[in-house]
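First comes the structure, then the notes that go with it.
The values are calculated or read from the model by the stated rules, or taken from the named source; none is laboratory data. Owing to the predicted nature of the structure, the values given are computational and were not obtained by experimental measurement. Note that we place each Cβ from the backbone using ideal geometry, even for glycine, and neighbour counts take in every protein chain shown.
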There are 2 protein chains.
Amino acid sequence: MTLEIESVYGEGACECASPDKQVSFVFSQTRPFDLVELEQLLQSVGWSQRPVGKVRRALDSSLLKVGLWKHDPCFPRLIGFARCTGDGVIDATVWDVAIHPIYQGFGLGKQLMAYVNRSLHDIGVRRITLFADPGVVSFYKSQGWILEPKGHRCAFWYAN
Amino acid sequence: MTLEIESVYGEGACECASPDKQVSFVFSQTRPFDLVELEQLLQSVGWSQRPVGKVRRALDSSLLKVGLWKHDPCFPRLIGFARCTGDGVIDATVWDVAIHPIYQGFGLGKQLMAYVNRSLHDIGVRRITLFADPGVVSFYKSQGWILEPKGHRCAFWYAN
């Protein structure tokens with residue numbers, strides 16, 4: 001299966017354990033994204049729309065981009081996503097985590113985050129951070145993420 | 001003064017308003033850091049020591065690195081620092097903010113953060129984030145940083 005997967009999803013692509021024997025899911029860091037499909041996925045979980053050109057440049061400058069695909073040799077469908085920025089050595093920050101609503105509740109988000117953490121670990125990052133929405137705080141906590149260690153608070157600055 | 005400053009601190013270096021007429025301070029994004037001096041500065045404000053090789057690679061992969069120097073044409077002294085990671089388009093995250101303890105309390109930290117925000121704004125970043133220690137939460141709040149907007153919480157993952 002690995003060779004077939006890599007021919008469709010790029011080098012290093014690997015299967016994600018599936019909740020349904022009839023359907024396969026695949027992680028890939030190399031298969032290019034259709035930016036319209038990606039924005040549709042992100043909007044399906046409530047992120048606001050962003051200009052495609054900006055998204056393209058942001059992806060190009062991200063440390064890691066992970067697509068989770070519902071496998072189909074002809075028409076793979078992007079159903080999950082996460083990306084990271086960072087220096088690749090000391091720190092990485094996870095952004096834009098999404099699992100399409102109809103695929104939520106089957107453990108795919110948990111597997112996606114485990115895949116992201118493992119991938120960052122492999123390149124040597126030892127501290128990973130993210131900003132969790134109120135609705136997903138318990139999701140991250142249950143996986144071992146530590147909320148506000150040593151009293152850290154998150155602060156945002158929005159440019160005019 | 002600009003030309004003299006640029007010859008010592010690199011292109012684009014600029015003066016920081018000084019609390020003392022006898023002393024000048026300069027911001028630079030291009031003057032190289034002596035990594036031992038940088039680590040001494042970061043340790044003076046309580047950051048833990050990190051391997052020099054890792055710090056070098058982290059700096060190389062940072063979006064922005066700002067040194068705040070106490071001006072001396074022969075022996076400039078690094079008394080402040082901040083760096084940012086990010087995609088350079090949508091998000092940037094500020095790390096390793098430090099003003100040497102003997103230069104704290106004169107508004108230099110505030111100017112450093114304003115300089116960082118302006119520089120990120122100039123390259124197009126519209127949302128800047130950071131993780132604030134409990135001791136500096138009020139410092140950031142007083143400058144207009146928004147704590148945990150929309151109930152965001154910060155989460156950390158430490159690799160084994």
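Considering each residue of segment B:129-160, count those that are surrounded by 19 or more Cβ atoms within 10 Å (Cβ to Cβ), among the hydroxyl-bearing types (Ser, Thr, Tyr) and under 26 Å from A:VAL125 (Cα atoms), and give that number.
1
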Point to revise | Output for segment A:116-152, where each listed residue is among the hydrophobic types (A, V, I, L, M, F, W, C) and either in contact with a Lys or Arg (Cβ under 7 Å, 6 or more places away or on another chain) or part of a loop (DSSP other than H, G, I, E, B) (or both) | key: A:ILE123, A:VAL125, A:ALA132, A:VAL137, A:TRP145, A:LEU147
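Results for (1) closer than 15 Å to B:GLU39 by Cα; (2) in contact with a Lys or Arg (Cβ under 6 Å, 6 or more places away or on another chain); (3) surrounded by 23 or more Cβ atoms within 10 Å (Cβ to Cβ); (4) aromatic (Phe, Trp, Tyr), shown as yes or no for each residue.
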position: B:LYS65; (1), (2), (3), (4): yes, yes, no, no
position: B:LEU68; (1), (2), (3), (4): yes, no, yes, no
position: B:HIS71; (1), (2), (3), (4): no, no, no, no
position: B:PRO76; (1), (2), (3), (4): no, no, no, no
Exercise for review: Just give me the residues in segment A:17-63 being acidic (Asp, Glu), under 24 Å from A:ALA132 (Cα atoms) and surrounded by fewer than 16 Cβ atoms within 10 Å (Cβ to Cβ), in sequence order.
Suggested key: A:GLU37, A:ASP60
Practice item. Could you check, for segment A:30-53, whether at least one of its residues is of a type in the set (Gly, Ala, Ser) and either within 22 Å of B:ARG57 (Cα to Cα) or in contact with a Phe, Trp or Tyr (Cβ under 6 Å, 6 or more places away or on another chain) (or both)? Key: no
Revision key, fill the gap. Over segment B:114-128, the set of residues surrounded by fewer than 22 Cβ atoms within 10 Å (Cβ to Cβ), of a type outside the set (Gly, Ala, Ser) and facing another protein chain (nearest Cβ under 9 Å) is B:ASN117, B:HIS121, B:ARG126, B:ARG127
Check your understanding: What do you reckon, is A:ALA92 more than 20 Å from A:GLN49 (Cα to Cα) and in a strand (DSSP E or B)?
Key -> yes
Review point. How about segment B:1-83: which helices (runs of 4 or more DSSP H) wholly inside it have at least 2 residues that are under 30 Å from A:THR85 (Cα atoms)?
Key: B:35-44, B:52-60
Check your understanding: Looking only at segment B:42-59, which residues are closer than 19 Å to A:VAL89 by Cβ and under 15 Å from the mean Cα position of the chain (by Cα)?
Key -> B:LEU42, B:GLN43, B:TRP47, B:VAL55, B:ALA58, B:LEU59
Practice item. Quickly run through segment B:1-42 and pick out the residues that are among the aliphatic types (A, V, I, L, M) and within 19 Å of B:CYS74 (Cβ to Cβ). Key: B:MET1, B:LEU3, B:ILE5, B:VAL8, B:ALA13, B:VAL23, B:VAL26, B:VAL36
Practice item. Would you point out which residue out of B:LEU68, B:LEU35, B:LEU42 is touching a Cys at 6+ places or on another chain (Cβ under 9 Å) and hydrophobic (A, V, I, L, M, F, W, C)? Key: B:LEU68
Practice item. Just give me the residues in segment A:77-91 being in contact with a Phe, Trp or Tyr (Cβ under 9 Å, 6 or more places away or on another chain) and at pLDDT 95 or above, in sequence order. Key: A:ARG77, A:LEU78, A:ILE79, A:GLY80, A:PHE81, A:ALA82, A:ARG83, A:CYS84, A:THR85, A:ASP87
Practice item. Would you please list the contacts, defined by Cβ atoms under 7 Å and residues six or more apart or on different chains, that run from a residue in segment B:92-112 that is touching a residue at least 12 places away in the same chain (Cβ under 8 Å) to a residue that is basic (Lys, Arg)? Key: B:TRP95/B:ARG83; B:ASP96/B:ARG83
